[in-house]
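This report concerns only the one structure given below.
Any read-out appearing in this document is the output of simple, stated calculations on the displayed coordinates, not a laboratory observation. Remember, predicted model here, so these are calculated numbers, not experimental data. Because the Cβ atoms are built from the backbone with ideal geometry, glycine has one as well, and the counts that use them run over all protein chains shown.
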2 protein chains.
Amino acid sequence: MVTTKEIALEEMLCFSLYTAAHAMNRVYKPLLEKLGLTYPQYLVMRALWASEGQTVKALGQTLFLDSGTLTPLLKRLEAAGLVRRMRNPADERELRLELTEAGRALQDSARPVPARVAQAAGCGSTELARLTREIRDLRARLDTFADTAETAAAS
Amino acid sequence: MVTTKEIALEEMLCFSLYTAAHAMNRVYKPLLEKLGLTYPQYLVMRALWASEGQTVKALGQTLFLDSGTLTPLLKRLEAAGLVRRMRNPADERELRLELTEAGRALQDSARPVPARVAQAAGCGSTELARLTREIRDLRARLDTFADTAETAAAS
DNA sequence: ATGAATTAAATTGTGAGCAATTTAATTGCG
DNA sequence: CGCAATTAAATTGCTCACAATTTAATTCAT
């Protein structure tokens, strides 16, 4: 018998990631509710606070999301009065994402959020940075694999 | 100025978790497509392979999901002929989840999946186990925090 | 210059997730 | 017993996430 022993769900990397990501969302939810944002909307706002005027494509590359996810989300942010969606006159295919005054002002209200989440994570900032880096590297490896699988399937 | 420096998205634990969980899903997708399962459906099947006859509630506690998510998912598994949903005669509120022959047989086809994912993760099994444990512990701390926040809000 | 590729967003359709509510069965207290 | 509280699933309504397709603008090769 050299068959791999059946591993419990709890011992699987995929499952710990899956449940931890949901748990993280649950921690953010009440904090972001006060700002009128969902967690993905918060990510978009952070990306725009860091660099206003991005296209949907650029934003999608930053967040690993496509227009199918972003278009309706951005429309909701526009309806909430936080974002303006304007076609680039030089290339009408592109949509440039600008912030409204309210959208910019929200950055101040959002500033205390990360510290409260770090508190929930319950580990020192060094520890936190290391774990972040390890998971980011894992994501990079998974992305590479997904790409090669795609290429293999195409051939 | 003692204000906390604004941290890039890439350096945030929440974001690395969020994107890694999605990347994991993308790795699983083509492997599970062959079995006719989505990733959450795969988790449910694994839980049932491990312990058939569970109630929806017990399954939800294992997977950290509620009936709002599980009821439609289980109906899809039933429609696919993998699962049977039967009321417990001793307590008609409970739904007991049984596997069909096809559902049990699927376990064999699913066996090679985790090894392929481990390959995608691209780290040794010791490393993989450690990372899994660290993320699972993180999830436990986040859950605790979410609970205390809930209690605080209720008082 | 013009028609074929390419590109950017939007759209369509399916399947999660989850809060809030509803329905139905059971328990427990007077 | 009888009815209020509790419990388990189901339902409703909203928001992601993503594959596949469509629409419209731009680029490129002839």
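In nanometres and ascending order, the distances from the A:GLU10 label point to those of the other copies are 3.6 (point 7 Å from Cα along Cα→Cβ).
Hey, got the dipole for the range B:91-148? About the Cα centre, +1 on K and R Cβ, -1 on D and E Cβ, debye to the nearest 20?
380
Label points for A:LYS34 are taken 7 Å from Cα along Cα→Cβ. From this copy to the others they lie 5.0 nm apart, shortest first. How far is helix B:125-154 tilted off the main Cα axis of chain B, in degrees rounded to 10, range 0 to 90? Here the helix axis deviates by roughly 90 degrees.
Rounded if a/c is under 1.5, else prolate if a/b beats b/c, else oblate: with a ≥ b ≥ c from the C-alpha gyration tensor eigenvalues square-rooted, which is the range A:52-102? Verdict is oblate for the range A:52-102.
Classified by the C-alpha gyration tensor, chain B has an oblate form. Its axis ratio a/c, with a ≥ b ≥ c, is 1.5 or above, and a/b does not exceed b/c.
Legend: residue pairs A:LYS75/B:LYS29; A:LYS57/B:LYS29; A:LYS75/B:LYS34, Cα-Cα distance threshold 31 Å; pairs beyond threshold, A:LYS75/B:LYS34. The distance linking the range B:53-67 with the range A:78-155 is 31 Å (Cα centroid to Cα centroid, whole angstrom). If you take all other residues with their beta carbon under 13 Å from the beta carbon of B:GLU52, and give Lys and Arg +1 and Asp and Glu -1, the sum is +3.
Each other copy places its own label point for A:SER109 at 5.0 nm from this one, sorted shortest first, where the point lies 7 Å along the Cα-to-beta carbon line. When +1 charges are put on Lys and Arg Cβ atoms and -1 charges on Asp and Glu Cβ atoms, the dipole computed for the protein assembly as shown relative to its Cα centre reaches about 220 debye.
Projecting the Cα atoms of B:MET86, B:GLY53, B:TYR39 onto the charge dipole of the range B:36-155 (Cβ charges, centred on the Cα centre) puts B:TYR39 farthest toward the positive pole.
Any idea what the relative contact order of chain A is, in percent, if you count C-alpha pairs under 8 Å spaced at least 6 apart? Result for chain A is 17 percent. Against chain B, whose longest principal axis comes from its Cα atoms, helix B:39-50 is set at around 60 degrees. Dipole magnitude for the range B:9-122: computed about the Cα centre from +1 point charges on Lys and Arg Cβ and -1 point charges on Asp and Glu Cβ, it is near 260 debye.
Between rounded, prolate and oblate, where does the range B:74-155 land on the alpha carbon gyration tensor, with a ≥ b ≥ c its root eigenvalues, rounded for a/c under 1.5, else prolate if a/b exceeds b/c? Oblate is the answer for the range B:74-155, as a/c is 1.5 or above yet b/c matches or exceeds a/b. In chain A, the beta carbon lying closest to the axis that superposes A onto B belongs to the residue given here with its whole-angstrom distance, A:ALA21, 2.
Against the longest principal axis of chain A, how steep is helix A:101-110, in degrees 0 to 90 to the nearest 10, with axes from Cα atoms? The answer is roughly 40 degrees.
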